[in-house]
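Engineer: Got a structure for you, written out below as structure tokens; questions coming shortly.
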Amino acid sequence: MTSLPTTNANSSVRIRLSLLSSLLCALWLVSCKNDTVEQPPPEPEPTYYPPPEGNTMPPPPQGNTTPPPPQGNTTPPPPQGNTTPPPPQGNTTPPQGGGLTPVGGEEGGEEYYGGEEYYGGYEGGGELLPSCTPGEVLGLCEVCGEDGYPTYPDTDANCEPALCPSELYELDIDGACYLREQGSPDEGYCYDIGECFLPEDQPCDVLSETLIAEDGVCSTIISCEGTEAPELDERPNGALCNTWGTCQTGACSAPSFCEVFVPYNTQNFLCQAGQTDNGESGCVFFVNGTGIDNSGQTTCNDFCANSGTTCIDGWNDNNGTCNPGNGGGGCDQTYSTQVCVCEIPPAP
């Protein structure tokens with residue numbers, strides 16, 4: 001038998017061991033790689049920078065930075081159409097009266113007016129229901145009105161009427177004393193539903209009224225009230241009053257509206273006052289022109305203008321009276337004596 005060389009045998013063994021070792025190492029690396037958990041990459045370290053040098057605040061904005069106002073009319077338009085809520089339907093005015101039974105309804109039966117129950121109610125919260133027959137007498141000073149609701153009449157036979165004296169003197173606000181003849185009413189007056197006026201608070205029926213005296217130039221009224229005759233302080237008859245008149249039994253013969261006219265002399269006097277034939281109101285004077293000028297003659301235009309009014313008419317007198325005489329008439333005729341009609345001046 002032939003023997004192999006020892007060197008070759010050892011070399012072959014070493015080669016095999018080396019291959020086996022390489023195989024085992026390769027298998028181990030694969031196993032380690034599969035069992036290794038993948039780790040996240042490391043975070044980068046922060047980078048620090050030095051602070052900037054100098055003033056680093058941004059510069060303020062240049063110019064007007066206020067936003068411009070909105071252009072055009074920005075007021076919202078008004079709502080279109082009629083936005084007023086419609087009025088309630090039917091008669092919603094509560095009637096007068098009290099002490100009556102309310103009519104039921106969804107909202108009725110508990111309705112009140114002035115703290116008292118009243119007829120009617122609101123059916124389903126709507127229209128007020130009539131509650132009585134028009135003309136029906138419901139009680140003292142209480143009747144059913146034309147609208148079907150209770151009201152009170154002017155008078156009621158069950159109310160005590162006023163007790164009026166047959167004659168009563170009263171002084172009015174103008175200072176005139178009147179005698180009033182009166183009568184008592186047949187029925188008393190109603191104050192409200194179920195209430196009468198007291199007799200002393202009720203009016204009397206005035207049958208007639210007569211002027212007794214005026215507080216004026218010819219008399220002074222001391223008392224004029226009640227059933228007692230008035231007390232007067234009268235000036236004597238014939239005393240001058242209102243420039244052109246005289247006192248007669250406490251009254252002046254000349255009205256006060258004629259006293260503004262200035263007489264030329266004592267021979268001038270008032271004929272009458274009132275409406276002329278033409279329907280105009282005026283004062284009629286007998287005018288004597290003595291003392292006017294050397295001629296003693298004047299016109300009615302001059303006489304009326306001397307007192308600040310206008311001539312209405314004029315005529316020649318008849319022997320010193322107010323009756324028309326011979327000669328022409330009118331406001332511009334010149335006479336020594338004549339009758340002039342002057343317009344009543346307006347009240348101050």
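Engineer: For THR155, indicate whether it is of a type in the set (Val, Ile, Thr) and either out of contact with any Asp or Glu (no Cβ under 9 Å at 6 or more places or on another chain) or at pLDDT below 90 (or both). Let's see the steps before the verdict.
Structural biologist: Values: of a type in the set (Val, Ile, Thr): yes; either out of contact with any Asp or Glu (no Cβ under 9 Å at 6 or more places or on another chain) or at pLDDT below 90 (or both): no.
No, not satisfied.
Engineer: Please find, among PRO185, PRO236, PRO165, the residue that is modelled with pLDDT of 90 or more, over 30 Å from TYR152 (Cα atoms) and not in a strand (DSSP E or B). Break it down stepwise before answering.
Structural biologist: Values: PRO185 fails: over 30 Å from TYR152 (Cα atoms); PRO165 fails: over 30 Å from TYR152 (Cα atoms).
The conditions single out PRO236.
Engineer: Moving on. So THR210 fits all but one of (1) on the phi < 0 side of the Ramachandran plot; (2) under 47 Å from the mean Cα position of the chain (by Cα); (3) not in a strand (DSSP E or B); what number is the exception?
Structural biologist: (3)
Engineer: Based on this model, can you work out whether ASP201 counts as under 24 Å from TYR152 (Cα atoms) and without any contact (Cβ under 8 Å) to a residue 60 or more places away in the chain?
Structural biologist: Numbers: under 24 Å from TYR152 (Cα atoms): yes; without any contact (Cβ under 8 Å) to a residue 60 or more places away in the chain: yes.
Judged against the criteria, ASP201 is a match.
Engineer: Here's a follow-up. Can you name the residue in segment 136-159 that is loosely packed, with under 15 Cβ neighbours inside 10 Å and among the charged types (D, E, K, R) and, of all such residues, is farthest from PRO203 (Cα to Cα)?
Structural biologist: ASP147
Engineer: Any chance segment 242-257 includes a residue that's within 30 Å of ALA157 (Cα to Cα) and buried (at least 16 other Cβ atoms within 10 Å of the Cβ)? Full working, then the answer.
Structural biologist: First, the residues of segment 242-257 that are within 30 Å of ALA157 (Cα to Cα): none.
The answer is no, given that none of the residues of segment 242-257 is within 30 Å of ALA157 (Cα to Cα) and buried (at least 16 other Cβ atoms within 10 Å of the Cβ).
Engineer: Go through segment 168-182 and report how many residues are outside any strand (DSSP E or B) and either modelled with pLDDT of 90 or more or in contact with a Phe, Trp or Tyr (Cβ under 8 Å, 6 or more places away or on another chain) (or both).
Structural biologist: Restricting attention to segment 168-182, the residues satisfying the condition of being outside any strand (DSSP E or B) are 172-175.
If we keep only those that are either modelled with pLDDT of 90 or more or in contact with a Phe, Trp or Tyr (Cβ under 8 Å, 6 or more places away or on another chain) (or both) as well, we get 172.
Final tally of qualifying residues: 1.
Engineer: Please work out if THR246 is part of a strand (DSSP E or B), closer than 21 Å to ALA273 by Cα, without any contact (Cβ under 8 Å) to a residue 60 or more places away in the chain and not hydrophobic (A, V, I, L, M, F, W, C). Explain how you work it out, then say what you get.
Structural biologist: On the way: part of a strand (DSSP E or B): yes; closer than 21 Å to ALA273 by Cα: yes; without any contact (Cβ under 8 Å) to a residue 60 or more places away in the chain: yes; not hydrophobic (A, V, I, L, M, F, W, C): yes.
Yes.
Engineer: If you don't mind, there's one more thing I want to ask. Modelled with pLDDT under 50, farther than 30 Å from SER208 by Cα and crowded, with 19+ Cβ neighbours inside 10 Å: which single residue out of GLY115, GLY97, GLY104 fits that description? Step through it out loud before you land on a result.
Structural biologist: Working: GLY115 fails: crowded, with 19+ Cβ neighbours inside 10 Å; GLY104 fails: crowded, with 19+ Cβ neighbours inside 10 Å.
The unique qualifying residue is GLY97.
Engineer: Please count how many residues of segment 331-348 are modelled with pLDDT under 90 and over 22 Å from ASN265 (Cβ atoms).
Structural biologist: Total meeting the criteria: 4.
Engineer: Check segment 299-322 and report whether any residue there is at pLDDT below 85, of a type in the set (A, V, I, L, M), outside the structural domain of ILE221 (by TED's automatic domain parsing) and surrounded by 14 or more Cβ atoms within 10 Å (Cβ to Cβ). Give the steps one after another, and end with the answer.
Structural biologist: Taking segment 299-322 and keeping what is at pLDDT below 85, we get none.
No, every residue in segment 299-322 fails to be at pLDDT below 85, of a type in the set (A, V, I, L, M), outside the structural domain of ILE221 (by TED's automatic domain parsing) and surrounded by 14 or more Cβ atoms within 10 Å (Cβ to Cβ).
Engineer: Cβ-Cβ below 6 Å, separation at least six or inter-chain, first residue in segment 205-230 and more than 28 Å from THR246 (Cα to Cα), second among the basic types (Lys, Arg): which pairs?
Structural biologist: Going by the 6 Å Cβ cut-off, the qualifying pairs are VAL206/ARG180.
The values are calculated or read from the model by the stated rules, or taken from the named source; none is laboratory data. Since we're looking at a predicted model, the values are computed, not measured. Heads up, the Cβs are rebuilt from the backbone with ideal geometry, glycines too, and the neighbour counts pull from every protein chain shown.
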